[in-house]
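Where a number appears in this text, it was derived from the coordinates with a stated rule and is not lab data. This structure is a prediction, so every number in the text was calculated from the model and none was measured. As a convention, Cβ positions derive from the backbone with ideal geometry for all residues, glycine included, and neighbour counts pool all protein chains shown.
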Amino acid sequence: MAVDTSLLAVISLLSAMQQVYFIKCLRRCRTKPNTTSPASSGNEEFDSTFEAKLQSIVGGYPAFLVCFWIAGWFVSQGVAAVLGLVYMCGYHWRFCMHTAKERSSDFYLSDKALQILAVIGAVGVFTALLDEYLDFNIMKKIYKLF
Amino acid sequence: MAVDTSLLAVISLLSAMQQVYFIKCLRRCRTKPNTTSPASSGNEEFDSTFEAKLQSIVGGYPAFLVCFWIAGWFVSQGVAAVLGLVYMCGYHWRFCMHTAKERSSDFYLSDKALQILAVIGAVGVFTALLDEYLDFNIMKKIYKLF
Amino acid sequence: MAVDTSLLAVISLLSAMQQVYFIKCLRRCRTKPNTTSPASSGNEEFDSTFEAKLQSIVGGYPAFLVCFWIAGWFVSQGVAAVLGLVYMCGYHWRFCMHTAKERSSDFYLSDKALQILAVIGAVGVFTALLDEYLDFNIMKKIYKLF
């Protein structure tokens, strides 16, 4: 178990600010439906699709935080921080795109980063459970091999 | 205060995956309004009710995480893990039901599990506060009685 | 780094309960659009604005939790607890207002509290990073001055 959490905290703070920014954009979408973004150009169906996607980002943030902290806590702070950055940048990059066609594509990079974080976290928790309840420490055995 | 958190981490990871699954369902509901689920059979009013409920689950996830971790941290890891499982299974069971009538009923089991988690967490935090600021350790007194 | 987290846990539990209350109000807004609140008096445009705001509170809750815990963990438990209370009361006060004009104004107090929490958290994490990677402990240097 890692004890240093400052890197995790930095990424968490940055992503929290990103979330606040996304939520402000969503609120603007809702309250002024005709002035969403300069590039939307009156395509209403696309706008509602993009709003739904933006909302799914905001809704998925707690799930990301859980995977991120568990991967960082049980396995490695550095790996989780890098993947967290990829996740954030993936969303931001897609979000800032101004062409409707590119916007309507999926958030592929971020989804992959979240999946890898979840897998790493699951492996870390599994080894911790093995160590705790069956007294079988995989990490020590691997370290002994080298 | 319990130090082992691996069980809490396992349940958190599982519930995060459940959330991601729910969010994907919600996104599909939004972007393709006519193809929500095989069992909805064109009842649009019911669909919007169900969508609102699904969204309230996603919105309530951080509140669940807070109650879950505080109950697990300040009181007992095992009790919190069991209640967390009940909460998850309650939602999943309701979600997978295919009859409209059953779906429109409330998420009774999960709501109850969340309430119990909140009460346990509140009791745990209260005893911790008493111990810290008034130097009055209830647990030790109870242990001495037996 | 502070180790006592009971005050943070108390505020988190309270805010989680507040969130559950907000989400119930949102769910009622959605499922019964005509009976939202006694004071809305049929002004539908205002209602949808208020619903969007309420939803942005629920969506912004994880970001608040991150800033709150990081500020409390890396800097000071007391300061974070006070700001967390201000954040909660700010929302609740606005939420309970019954005049449409007052409701439609922004959540100024809570937004400010969140910003201060984010700044405090950022400063705390920055000093922790300096201490960890450059071995430069600002707090010790400041303590030595006095």
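Scoring C:57-70, B:77-90 by mean Cβ neighbours within 10 Å over their residues and listing the highest first yields C:57-70, B:77-90. Measuring from the axis that maps chain A onto chain B, the chain A residue with the nearest beta carbon and its rounded distance in angstrom come out as A:Pro62, 3.
Between copies, the label points at A:Leu145 (set 7 angstrom from Cα along Cα-to-Cβ) are spaced 5.3, 5.3 nm, reported in nanometres from shortest to longest. Across identical copies of the chain, B:Leu134 has label-point separations of 4.6, 4.6 nm, listed in ascending order, with the point defined 7 angstrom from Cα along Cα→Cβ.
Here are some pairs, B:Lys112/C:Lys53; C:Lys24/C:Lys53; A:Lys24/B:Lys112; which of them have Cα atoms lying more than 23 Å apart in this structure? Violating the 23 Å limit, Cα to Cα: B:Lys112/C:Lys53; A:Lys24/B:Lys112.
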